[in-house]
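See structure below.
Every number in this text was worked out from the coordinates using simple rules, so none of it is lab data. Keep in mind the model is a prediction, meaning the values are calculated, not measured. With ideal geometry, Cβ positions are generated from the backbone for all residues, glycine too; neighbour counts draw on all protein chains shown.
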Amino acid sequence: MTDIFVRVAIDQPMSVLFDYRYSLAAEPVVGSLVEVPFGRRDVVGLICEVASTSGIPAAKLRDVTRICTDCPPLSAQWLLLAGFAAEYYQRGLGEVALPALPQALRDASRWNRLLAVEERFSMLAAGRAALPDALPTRAIALRRLAEATAAQESIGMSEARALHPKASATFVDWLALGWIQRAAPENERSAPEAAASPTGSSLLPQLTGEQREAVDAIASAQGFAPFLLHGVTGSGKTEVYLRALAALLVKRPDAQALVLVPEINLTPQFESAFRARFSALAAGSIVTMHSGLAEGERARNWLAAHTGSARIVLGTRLAILASMPDLAMIVVDEEHDPAYKQQEGLRYSARDLAVYRAKQLEIPVVLGSATPSLETWWQAEQGRYTRLTLARRAVADAALPAVRLIDLEEERQRGRASVEGLSGPLIAALKSRLERGEQSLVFLNRRGYAPILSCDACGWVAGCPRCSAYAVLHKPERALRCHHCGWESRIPKACPECGNVDIAPMGRGTQRVEETLASVVPGARVLRIDADSTRRKGSAQALFSDVHAGEVDILVGTQMIAKGHDFRRVTLVGVLNADTALFSHDFRASERLFAQLTQVSGRAGRAGLPGEVMIQTRYPRHALYLALSRQDYVGFANATLAERRDARLPPFVYQAMLRAEGRTLEAAIAFLEEAGAAFAPLPGADRVTVYDPVPLTIVKVFNVHRAQLLLESGSRAALQSALRAWQPVLRSLKGVLRWNVEVDPLDV
Ligand code: ADP
Ligand code: ZN
Ligand code: ZN
C-alpha cells in the first residue's frame with residue numbers, strides 16, 4: 001500500500017500548509033475537515049492537497065486522527081476564494097478559512113451530530129392558557145422561553161437553550177403537563193403551497209420606470225456583471241433586489257443568492273420583506289447569517305447554504321465567506337457602509353470580496369446605495385461598473401425632503417438663543433410636528449449624557465485611567481464610562497482634585513438631548529435609541545416597533561436610527577453637532593458625513609407627507625452642506641474625487657497600514673521604525689511610499705499604546721508583493737505586544 005499525505009491549513013499566523021500522514025479508512029478529499037495533532041493540542045484543519053510524497057522526514061510526520069464525513073467537502077471554488085482573501089489581506093489560508101466556518105465544524109467532537117435533525121416543540125392551547133400564571137414573575141428566562149415558544153409555530157432546541165439554559169428539563173415538564181408537543185423537524189415542515197413562481201403574492205407594487213430598467217439590466221446580465229444601483233433614499237432599491245432575485249429563481253430554481261446588509265439586527269423589515277416575497281419557496285430556503293445568531297442556528301444555516309438547501313442567504317459581512325455551491329447573484333445593500341469592513345482579525349472588506357467572488361464565479365453583483373463609496377463611484381465613472389440610477393422616490397407623491405441649514409452663529413447674533421443646543425427654529429418645527437401628530441427624529445452621533453465632566457475651579461477633567469480619553473458621563477446609569485475600554489466608575493460628588501462640588505457636564509450626548517427635548521417640547525413622547533438603550537438582545541427591535549406603531553413623537557438617537565428604516569410617519573429630521581466631522585484629519589470623514597446625513601435625512605417624508613431636514617451648523621456655507629441641501633450626491637462625489645486625485649489619495653493610490661501596540665509609545669514607534677527600514681529593500685518597495693510612524697489619535701487604550709505606519713503606492717501589485725515579502729520580517733521583529741497589517745484601511 002502506498003502512503004498518502006495531506007497538506008492541511010490550520011488557523012495559525014503562518015502562510016504555510018502542514019503535512020500529515022493519512023491512514024484513515026475514508027478517502028481523503030480536498031476541502032474536507034480533519035482533526036490533526038498540532039503541538040500538544042488537537043486542532044481542526046482543512047485538507048488543501050492530497051499527495052503521494054512529503055518533503056517532511058517520515059519520523060517527524062504525524063497522523064491525521066479524524067476526518068469529517070458528515071459534511072460535504074468545501075469546493076475548490078471556495079478554497080480559491082479563501083486563498084484570494086488570504087493572499088490579498090496578507091494572512092495564512094488557515095487564518096481565513098477556519099474562522100469563516102461555524103464553531104460546530106471547528107470542534108471535531110461535534111461532527112457526528114452536525115446533520116442530526118434537531119428536536120422542535122410547539123405550544124398547545126392548554127399551555128397558552130396556563131403558562132402566564134404558572135410562572136413566577138421573577139423567572140425572566142423562563143418567561144422569555146414561554147413567550148418565544150408561544151410566539152412561533154415551533155421552536156428548536158438550540159434556540160430554546162439560548163433563551164434558557166435548562167430548556168431541555170423544562171420542556172420535559174411541559175410535555176408531561178400537556179402544554180407543548182413535539183413538532184415536525186424544520187426541513188420536513190410543509191412548504192406553504194409551493195407555487196410555480198417563487199414570488200407567491202400577486203400584490204406586487206407596480207415598478208417605476210427606473211426600477212423596471214434596473215431589474216431588466218440585472219436580470220439579463222451575462223457572466224461577471226458588476227452593477228452600481230445608485231438610488232436616492234426611498235427609491236425602492238429593495239424592490240429591485242427582490243425582482244432581480246425572483247427573475248433569477250424563475251430562470252434557475254436551483255440557483256442561490258447572497259444578500260449582504262450592513263447590520264441585520266437593524267433591518268428586520270428587510271428580512272421580513274424577503275420572507276414575505278419568497279414565501280412560496282420551501283421552508284428553510286431563506287436563512288440568515290450574522291454574529292447575533294445562536295451557535296446552533298448559525299451552524300444549521302451555514303450547512304443549509306453549504307449543502308444547497310438554502311436558496312437565499314441574508315447576512316452581514318461575515319456571510320461573504322459562506323459556502324454556496326450554486327451561488328448565482330450577490331447583492332450588497334448600502335455598499336458604502338463602513339460596517340462591511342472587518343476591523344479585527346482578518347481585516348477584509350466584504351464589499352470588495354463580493355466583487356471578487358462575482359468575478360470568480362462569473363455572475364452579477366449589485367452594489368446598492370444612495371451615497372456610493374467613492375471607490376465604487378470611481379469604478380462606475382470609468383465604466384467598469386454599470387450604473388443604474390433611481391433618481392426619484394418610489395412611493396407616489398413622496399419627494400425627497402427639503403434640507404434647511406440653520407446658522408447657529410446668526411441665531412446667536414439675532415439674540416435667538418438656543419436652549420441646551422436646540423435652536424429656536426428646530427424647537428418650533430418639533431412643536432408643529434407634535435401638533436400635527438407627525439413624528440420627528442433628532443440625530444446626534446454621540447451617546448451618553450455629556451462627553452466631558454469637568455471642574456471649573458481647578459480644571460480637572462474626568463478621564464479614563466486606562467486610556468488617553470475622557471470618561472463619558474452617563475446620567476441614567478449614574479456612571480462615568482470609557483467608550484474605548486469599558487471602564488466604569490460612579491460619578492464623583494465633588495472634584496477629586498480640589499473638592500469643589502460644582503463639577504459640571506460639558507457638551508451634549510443623546511441622553512442629555514432626550515432630557516432637554518422632554519422639557520422644551522412639553523407633552524411629546526420622547527424615545528432614545530442608541531447602543532446604551534438597546535443593550536439587551538431584541539430591545540432595539542422592540543423600540544423600533546414602538547416608533548412604527550406611532551407610540552413615539554420624537555425619536556432621538558445615534559447612527560442606529562439613521563440606517564435603512566422605513567419610518568412612515570417621520571416628517572422632520574433634526575441634525576445636531578455634525579460640524580465636528582468637517583475638520584477631521586481623516587480624509588474619508590467628509591465622505592462618511594455626507595453618507596450619514598443623507599441616510600438620516602432619507603428617513604423623512606417617505607410616505608407622501610412632505611419631509612423637512614434641519615441641520616444646525618456654524619458653517620452653513622460649507623460645500624458639503626450646500627451639496628447636501630441640493631441633494632447633490634453626484635456633485636459632491638465628483639468634487640471630492642477631484643480633490644483626492646490632486647492630493648493623490650485613494651481611490652487613486654492604494655494604501656496599507658501597519659499598526660503596532662506596545663507597553664509604551666516609544667516601543668510601538670521603535671517597532672514601526674525598524675519595520676519601515678526593513679521594508680525599503682523588498683521587491684516592489686521602490687514603488688511604495690513609506691510614511692513616518694505616528695501615534696493614533698487616541699494613543700492609549702486599555703493601557704496599551706498604539707501607533708501606525710502608512711504605506712502608499714500607485715501600483716497595487718507592487719504594494720502587494722512588498723507586503724508579502726515583509727511578513728516574515730515583521731514576524732521576526734520583537735518589542736511590541738501586537739501588530740497587524742491592514743490592506744485598504746478605512747480609518748487613516
Ligand atoms: P431604499 O432602500 O431605496 O431607500 P426602500 O426599498 O426602503 O427604498 O423603499 C421605500 C418605500 O417604497 C418602501 O416602503 C417600499 O415598499 C416602497 N416601494 C418600493 N417600490 C415601489 C413601487 N414600485 N411602488 C410603490 N411603492 C414602492
Ligand atoms: Zn477641581
Ligand atoms: Zn478606557
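Quick look at the numbers
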| quantity | calculated |
| --- | --- |
| Cross-link table Lys563/Lys700; Lys166/Lys475; Lys237/Lys341, entries beyond 26 Å C-alpha to C-alpha | Lys563/Lys700; Lys166/Lys475 |
| In sequence order, calculated HN-Hα J values of the stretch 588-597 (Karplus, 6.51, -1.76, 1.60; Hz; x Gly/Pro) | 8, 4, 6, 4, 5, 5, 4, 5, 5, 5 |
| Residues with amide H under 5 Å from that of Val552, placed H, sequence gap 5 or more | none |
| Which of Met614, Met506 has the fewest Cβ neighbours within 10 Å, and the rest in rising order | Met506, Met614 |
| Relative contact order %, the chain, counting alpha carbon pairs below 8 Å whose residues are six or more apart | 10 percent |
| Beta bridge orientation in the chain: antiparallel %, DSSP, nearest 5 | 55 percent |
| Order of Val250, Val690 - criterion: other Cβ atoms within 10 Å of each residue's Cβ, fewest first | Val250, Val690 |
| Prolate/oblate/rounded label for the stretch 329-381 (Cα gyration tensor, a/c 1.5) | oblate |
| Rounded, prolate or oblate (a/c below 1.5 giving rounded, otherwise prolate when a/b exceeds b/c) for the stretch 517-668 by Cα gyration tensor | oblate |
| Across the chain: Cys residues that no other cysteine approaches within a C-beta distance under 4.7 Å | Cys48, Cys68, Cys71, Cys485 |
| Residues Met289, Met123 arranged by fewest to most Cβ contacts within 10 Å | Met123, Met289 |
| Those aspartates and glutamates that a straight Cα-Cα span of less than 18 Å connects to Lys60, excepting residues fewer than 8 apart in one chain | Asp3, Asp19, Glu35, Asp42 |
| Charge dipole (debye, nearest 20) of the chain; +1 at Cβ of Lys and Arg, -1 at Cβ of Asp and Glu | 720 debye |
| Rounded, prolate or oblate (a/c below 1.5 giving rounded, otherwise prolate when a/b exceeds b/c) for the chain by Cα gyration tensor | rounded |
| DSSP-loop trypsin sites (Lys or Arg not before Pro) across the stretch 141-173, with at most 15 other Cβ within 10 angstrom | Lys166 |
| Those trypsin sites (Lys or Arg not before Pro) in the stretch 574-639 that DSSP places in a loop and that have at most 14 other beta carbons within 10 Å | Arg618, Arg621, Arg630 |
